[in-house]
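Read the structure below first, then the notes.
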Amino acid sequence: MKNERNGENNIEKNNGGRNERRGDARKNSAGQAGNQNRENRENREARERDRARERDRKKQSGGKQKNKNQGGKGGADNRKDTYVYVLDGNVYINLTNKCSNACHFCVRNERASYYGNYLWLRHGDPTAEKVIAALNALDLSAYKEIVFCGFGEPTYKMAEMAAVADYAHEKGLSTRLNTNGQGSLINKRDIVPELKGKIDRINISLNASSAEKYQPVCRSQFGEAGYTAMLDFARECRKNGVECWFSVVDIVGEDEVAACWRVAETVGIPLRVRKYIADA
Ligand code: SF4
């Protein structure tokens, strides 16, 4: 987990996303009553989704500010682990603290919470049933996608992720995985066939243009093989028709971003450059 993972959704939101599509619909619908009705319905549905998300946000914070990172012992020690959290209109799933990397920039180095959600799991990794129960506390009709992300690397929990993904699909939600791309090394097998059909889209954190640059920053337990495995994972996703892309944060600098573009071209998947968004 790092700030940029969740920040991506801010970027997507700021880039227009649904609003942009609505704007196009308006342009094309001039003088066409049918299209106007559809637009009105879509706007109504969007407003309903916004209201439901706001209700969920209030429910999660207990209607007041008590979810803020309180630090120290007190509330933090007594708190419940967070398996599911809502941020910027998206639903995130937090399956584990385990990670094969120890990135310098990882937000969990500094805090147990993220935007008021306590993600450092103190009572063990959740079962799929616990995650599904937490999902059911939300009004799922207000969301379109769930994102496996959280404070660790989700591919440590393949079985749980698959079960939760199946449930999300049953509920009409799509699924995304944010990963460091080392899942096949972690699981000692090619995990891409298992992800296919369960995970609709995969965001692979590239972070650097070479293993030499990656390792000092991301400190994979697999050494420079972690970076190579990440590229192989991306190639396998592409070969298997699983939608995926690399991501890098713009704070690495223009030259490094340009080098990352070249890596992405070589692998044959897109690169998304995201703005670094600091936690509040
Ligand atoms: S890969 Fe692991 S250590 Fe690095 S940012 Fe993500 S969760 Fe943190």
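Read-outs throughout are calculated quantities, based only on the coordinates presented, and are distinct from any laboratory measurement. Bear in mind that the values here come from a model prediction, so they are computed numbers and not experimental data.
Rounded to whole Hz and in sequence order, give me ³J(HN,Hα) for region 155-162 from the Karplus expression 6.51 cos²θ - 1.76 cosθ + 1.60, θ = phi - 60°, writing x for Gly and Pro.
6, 5, 10, 4, 5, 5, 4, 4
Students often get this wrong, so check it: of 98/196; 130/171; 198/275; 171/275; 98/188, which have C-alpha atoms separated by over 21 Å? Each step should come with its number before you reach the end.
Details: 98/196 23 Å; 130/171 17 Å; 198/275 29 Å; 171/275 32 Å; 98/188 16 Å.
With Cα atoms farther than 21 Å apart: 98/196; 198/275; 171/275.
What are the ³J(HN,Hα) couplings of region 197-205, residue after residue, when phi is run through the Karplus curve with 6.51, -1.76, 1.60 and θ = phi - 60°? Round to Hz, x for glycine and proline.
Those phi angles translate into x, 9, 10, 7, 9, 10, 9, 9, 6 Hz.
With θ set to phi - 60° and the Karplus curve 6.51 cos²θ - 1.76 cosθ + 1.60, what are the ³J(HN,Hα) couplings of region 229-234 in order, to the nearest whole Hz, using x for Gly and Pro?
5, 5, 5, 4, 4, 4
Subtract the Cα-Cα distance of residue 133 and residue 250 from 0.36 nm times their separation in residues, and report this length gain in nm to one decimal.
On the way: separation 117, 0.36 × 117 = 42.12 nm, distance 3.70 nm.
Length difference between fully extended and current span is 38.4 nm.
Could you work out how much longer the chain between residue 225 and residue 45 gets when fully extended? Use 0.36 nm per residue separation minus the Cα distance between them, nm to one decimal.
Working: separation 180, 0.36 × 180 = 64.80 nm, distance 4.69 nm.
Taking residue 225 through residue 45 to full extension adds about 60.1 nm, to one decimal.
Could you tell me the center-to-center distance, by alpha carbons, between region 199-243 and region 163-191 in angstrom?
15
For residue 235 and residue 144 in the same chain, what is the full-extension length gain: residue separation times 0.36 nm, less their Cα-Cα distance, in nm?
Details: separation 91, 0.36 × 91 = 32.76 nm, distance 2.70 nm.
Fully extending the segment from residue 235 to residue 144 adds 30.1 nm.
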